[in-house]
Amino acid sequence: MKPPPFEYEAPTTIQEVVALLQQHDGEAKILAGGQSLMPLLNMRFARPTALIDLGRMTDLDYIREENGAIAIGAMTTKRSVERSDLVKSRQPLLHASTTWIAHPQIRNRGTVGGSMAQADPAAEYPAVAVALDAEFVIAGPDGQRSVAASDFFITYLTTALKENEVLTEIRVPVLPERTGWSIQEVARRHGDFAMVGAVAILGLAGGSCESARVVLFGVGATPQRATSVEQALIGQAASEALFATAAEKAAEGLEDTISDVHASAEYRRHLAQVLTRRALAEAAERA
Amino acid sequence: MAVKIPNSIDELPTSSPRFIGHRVKRVEDTGLVTGRTEFIDNVSMTGMLHCAILRSPIAHAKIEKIDVSAALDLPGVVAVVTGEDAAKWSHPAASSPDGWGTYCLPADKVRFVGEPVAAVAATSRYIAEDALELIEIEYEPLDVVSDPVAAMEDGSPLVIEERGSNVMLQRVFNWGDTDAAFAAADHVFSEKFRWNRLGANPIETYGCISEWDPTELGITVRGAFQSPSHMALGRAMTFGLPSNKVRMIAHPHGGSFGGKGGVRGTDVSLLLSRKTGGRPIKWIEDRMEYLAAGGSQAWDRRYEFSIAVTNDGIVTGLKVKLVDDIGANGEGFGAISAAKPLAAFTGPYTIGAAQYDLSLVATNKAPASPYRGMGPPPHNFALEQMMDIAARSLGIDTAEFRRRNFIPKDAFPYIIPSGNEYDSGDYEAVLDKVLALSEYEKLREEQKLAREQGRLVGIGVASAIEPGVFDWNAYAVVGVQGTGVPEGATVSIDILGKVMVRVGFALEGQGQYTLVTQLVADYFGLEMEDVSVTMLDTASAPPAFGPGGSRLGVAITGAVLGACDRIRVKMCKVVAGLMQTEPENIQLMDGVFGIPGVSEAQMPMAQVAGTMLGASHLLPPDVDPRPEATHVWTAAGRTPVDEEGRTKSYLTAAHAVHIVLLEIDPDTGMVEIQKYVLVDDCGTRLNPATVEGQTQGSVAQGIGAALLEEYVYDEDGQLLTSTYMDYLLPTIHDVPALVMGEVVTPSPFSPLGAKGCGEGAIHTTPAAVMCAINDALVPLGTRANEVPAAPNRLWKLIHTARENTSSD
Amino acid sequence: MATMKTVRMKVNGVTHESEVEPRTTLVDFLRGPLALTGTHVGCEHGVCGACTILVDGRTARSCLMLAVQADGAEITTVEGLATPEGLHPIQQAFIEEHGLQCGFCTPGFLMSLVELLSENPDPSDAEIKDVLGGQICRCTGYQSILKSVHSAIAKLRTAGVAAQPPLA
């Protein structure tokens, strides 16, 4: 389990990163925290000609509030997110979801940008990004562009990032008033990738569901919005009964549900409903 | 004069033992916590090369062609070996039932995913792995058989064509008149069970550094050997060498649990050493190699159990049918793990007649290996489920049902139908204690309330025997050639009275060096610091087998006390000579030799040793002047296998009852263990802290077995759980706090009355957890008969049961 | 072969400078050229935690880092815990409370606890488990490890010292 040979670059500016990506013509890989890429290298499942290590890009390590959003540099570690008072107070869902990710030793090095770009369908961050309508700031040869979370995750381990682009920032809107949130997941062991997870964001006004966002992860190739659930909630009086009925629709519209050694597709579709119900109930309590 | 080995701590030559029986700190630990202990991968040798092994990606295929030329051209690569070299220089593995062994590198075909096909020696592991990618192999895929039931059918693809069948062994053992017991029974209960593959997974994988000596025509291997002498015998057979030309140097290793494996890699690296003219070849098995093809996989079983029961709740007969999927061959001693249940076939119960219909079957999967417990844990799991089924059907509490069937304490020594003898026990005392500790009645009341709320709360009560101190005769039953299992120790005292003990096994984790130190310190009235323990290689160590089959604690106690006694006898002669009396007048007590009651006739042990080594002219003429002795201990009274497979195999029979309270989340199938209480009786506890540690660790592995761990193959024989992302070891979140109690019924047969306890709780834990799960499922009228009880399986059972109820 | 890189890092207070192939993992670099073999390799994919070390005071899997990534870093391994005067209190606690059996995973546990207890001298069981959930021990069943942690907490408190050796 030793990595194959590759060149190593440690640029310090975005311009250098983009130039290196172009120079290696799609054969290079970006190394962020390395917590997903390094196992693949050790197993020789990934075979880049070069690694472009963002570890020296200290200016991509920040968390700050800007224009109603939390802006997080792509090289910010999960540890920093977990411990950020700003995140805890202004976007507690992001904080809570971080504590579900692996273990502290991994969160110390794993980065926000790395998780997003890796786009593992069972990972928490992509689902949270979709649920919160996060915005992805991308640098490339033509400068900077931004992509909505709903357009960022294309399929299993694939994002809207082009071969010569690099993710530089994730902008997560702060949680609006009277809005509750929840993240629920079932994993074989604490810290494992979720078999299924559900994120719910519920806006209540006068006891009625004013807004609803439900995103499931671990079920399909990307985080999936449960739009039928959302529709069943809007305008209705929040109650356990409503959440139960709405959650029954969680498996509707799920495409190509994952089936693996830990969970059959049938089980996953069932868990989607259970976790949606639990997430809605908890979100309503917090709203 | 016969060597005197005390059967009780009271018989030690000390007025009050200061170490034996006490929770002493381990002598092994300072090196381990500082990272200084010399594990094999820490070792480098001059001229050493690194080995990487190319493994089959296909479960069953003919090898049409292997081209290694590009690999040989890579700078840094020194040699490549293939099946051609193995056929030229080695023999098929001798560890299989006769005729079921294969070469370490096959020349003709591959039989499982992960089977080695070629190997490279290079100047670094990185380069060796680069070279593997340059080896070109043409395979012609063959039909795969991954299901043992299908493998038994006519027309199935054959794993080893020459055998003409995939059935390695099929035999029905009959002990007593089982048919009569079933015919006379008021009730017969039958159930099928499935135990999926799991395995040892020590955190250190196997590793070795192998050297072929082209001048002496011998081999030297340094490595992480659980049993160096046994590895040595295997290598001698594989390489056609006299056993005295094989030297194994064991290093401390990071756990084994029976599943250290490493045989193929050792042989492959030896071929590379031979091909490179004798250079040392280091092979460190990586984790993916371990998971796919190391000593990692055990117990892939399909069971049918039946029990015959009277109206009073007495079990009178047991029938077991087992199809054991051994994988591609029996090289990893997987075959013998189906034989070990004979040592405790009927558990702690008085069941008078039993039948074992056993089939060992080859499939295109990794060869099965040993694992802690060596076979009985799945058997116990199934037997304990049957006890519960019967109890519930007869309306008898599950704890009470066991009590009625326990072998009574005055019946020992007790010979069970399958031939083994249990030394001693007080099973009711163990049960009573665990019931009290767990507040069993209260638990049942809490369960009743929970059930009224619709919650799936279950209580498991499981009881099992841990056979201890194995003897190879147990395994002759399945045609695996055996050897004896001696354990020797050399105790050597220097001129200042300090002691060195030389043993033939390496540090593995069970604290055996500490035990040796405790024994000698108490025997001669020394401090622990005055005793040190050294591991010798197979060329110089006293005869030794090492840990395995819950034997080493007892066996090394016998060896050390035997050696101490030999020295005592010698020293008594010396002292008698100096004091001009007869040796029988001299007594050793608290480190002093002398005539009891005569205060001026006393000599501290160090003075005796000093006299022997410094003034041997003062000794009586017939006394050997070395204050040193070796004793080789074997268990007395073992018997050969009779025509029905019966033998007195294991010397001791430890016993335990575990009680588990758990809750299943019906919506997710996730299990939460809320309380875990156990009481065990493993005879005299030589170091209670170590015994506790073995128990706690074994409970954790048992929980892994019951809930998490499983090797999954698809029908093409591809392993789907090839990393630790998918093969799930228990973490600190998965193992509950334990409440533990003890009953001590010393063994009448063993040194100091201790019983084997290293394998421990895994005999009972999977059974107890599964009993609790099935207890929780009672209101739904469904059962979990498959291990592990993974959440998707439990959810499916619950979901189906609810659908059936609602459609009724 | 890929272009060699020069790396310079301070390990247990000693500065090392060396040429490495970029693909060399940090654990192989520590165990090979630096001969610090106390950090063990258990799975090489980040799950078991045997290779956990401190990089700039924070735990990391040294199998999931390249040596080149540690250029300029300060690293502490298990060899950096004891001093010539004696063992680190956490090491002592593990010995006294039987927090190890085969001991292969132990260095990783110790390093994770050094980080935890230097940041949080009085963690709850839940906080301890959160950290140790990332370390696999196959021998002990974790009970005696938990006891060892509690003993270490008390020892550090009594001694009035920080768990983490000061970075140079």
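A short reminder: the numbers here are calculations on the coordinates, not readings from a lab. Note that the structure is a prediction, hence the values are computed from the model and not measured. Ideal geometry is used to build each Cβ from the backbone, glycine not excepted, and the neighbour counts take in all protein chains shown.
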Karplus-derived 3J(HN,Hα) from phi for region B:34-47 (6.51 cos²θ - 1.76 cosθ + 1.60, θ = phi - 60°), whole Hz, x at Gly and Pro, runs 9, x, 8, 4, 8, 5, 4, 6, 7, 9, 10, 10, 4, x
Over the alpha-carbon set of the protein assembly as shown, work out the extent along each principal axis and list the three values in angstrom, largest first.
102, 76, 69
Karplus-derived HN-Hα couplings along region B:221-228 (A = 6.51, B = -1.76, C = 1.60, θ = phi - 60°), whole Hz, x at Gly and Pro
10, 9, x, 8, 8, 5, 10, x
For the pair residue B:46/residue A:244, report the inter-label distance in nm, with labels modelled 7 Å from Cα in the Cβ direction.
7.9 nm
Give the order of B:279, C:138 when sorted by the count of other beta carbons within 10 angstrom, beginning with the fewest.
B:279, C:138
Residues in region B:733-766 near a label at residue C:150, defined as backbone nitrogen under 12 Å from the 7 Å Cα→Cβ point?
B:737-738
Amide H proximity to residue B:254 below 5 Å, modelled H, separation 5+ or other chain, gives B:204
Only counting other Cβ atoms within 10 Å, I'd like A:7, B:129 sorted with the fewest neighbours first.
A:7, B:129
Pull out a ≥ b ≥ c, the square roots of the eigenvalues of the alpha-carbon gyration tensor of chain B, then state rounded if a/c is under 1.5, prolate if not and a/b is larger than b/c, and oblate in the remaining case.
oblate
So, counting K/R as plus one and D/E as minus one, what does the shell of residues with Cβ under 13 Å around residue A:173 add up to?
-2
Take the residue pairs B:65/B:275; B:192/B:648; A:249/B:796; B:260/B:340; B:321/B:409; B:321/B:796 and return only those whose Cα atoms are more than 22 Å apart.
B:192/B:648; B:321/B:409; B:321/B:796
Would you list which lysines come within 18 Å of residue B:442, measuring only between C-alpha atoms, while excluding same-chain residues fewer than 8 positions from it?
B:433, B:675
DSSP-defined beta bridges in chain B - what % are antiparallel, rounded to 5
80 percent
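Rounded if a/c is under 1.5, else prolate if a/b beats b/c, else oblate: with a ≥ b ≥ c from the C-alpha gyration tensor eigenvalues square-rooted, which is region A:7-53? Please report the intermediate quantities before stating the final value.
On the way: a/c = 2.85, a/b = 1.62, b/c = 1.76.
Note, shape of region A:7-53 comes out oblate.
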Which of A:87, A:172, A:261 fluctuates most in a GNM of chain A (C-alpha springs under 10 Å)? That residue is A:261
Using modelled backbone amide H atoms (1.01 Å from N, in-plane), which distant-in-sequence or interchain residues come within less than 5 Å of residue B:55's amide H?
B:117
Cβ density ranking, 10 Å radius, fewest first, applied to B:692, B:803 yields B:803, B:692
Estimate the FRET efficiency between residue B:618 and residue B:16 by the formula 1/(1 + (r/R0)^6), using the beta-carbon distance for r and 35 Å for R0, to the nearest 0.05.
0.60
Length gained when the stretch residue B:737-residue B:133 is fully extended (0.36 nm per residue, less Cα-Cα span)
212.7 nm
Tell me the label-point distance for the pair residue B:643, residue C:17, using the 7 Å Cα-to-Cβ offset, in nm and rounded to one decimal.
8.4 nm
Here FRET efficiency (C-beta to C-beta, residue B:449 to residue B:191, R₀ 35 Å, nearest 0.05) is 0.75
For residue C:5, counting only lysines whose alpha-carbon sits under 25 Å away and dropping same-chain residues fewer than eight positions off, the answer is A:2, A:29
Taking the Cα atoms of region C:5-80, what is the range of coordinates along each of the three principal axes, in descending order and whole Å?
29, 25, 20
I need the phi-derived Karplus couplings for region B:293-304: 6.51 cos²θ - 1.76 cosθ + 1.60, θ = phi - 60°, integer Hz, Gly and Pro marked x.
8, x, x, 8, 10, 9, 6, 10, 10, 10, 10, 10
How much mean residue ellipticity at 222 nm does chain B get from its helices, if each DSSP H run of length 4 or more adds -39500 (n - 2.57) and you divide by all residues, to the nearest 500 deg cm²/dmol?
-8000 deg cm²/dmol
Among A:32, A:263, A:134, determine the one that fluctuates most according to a GNM of chain A built with springs between C-alpha atoms less than 10 Å apart.
A:263
Calculate, in nm to one decimal, what residue B:674 and residue B:107 gain on full extension: separation in residues at 0.36 nm each, minus their alpha carbon distance.
198.8 nm
Which FRET efficiency value, to the nearest 0.05, is calculated for residue A:88 and residue C:35 with the Förster distance at 35 angstrom and r the Cβ-Cβ distance?
0.20
quick shape note, region B:493-577: Cα extents on principal axes in Å, largest first -> 43, 24, 22
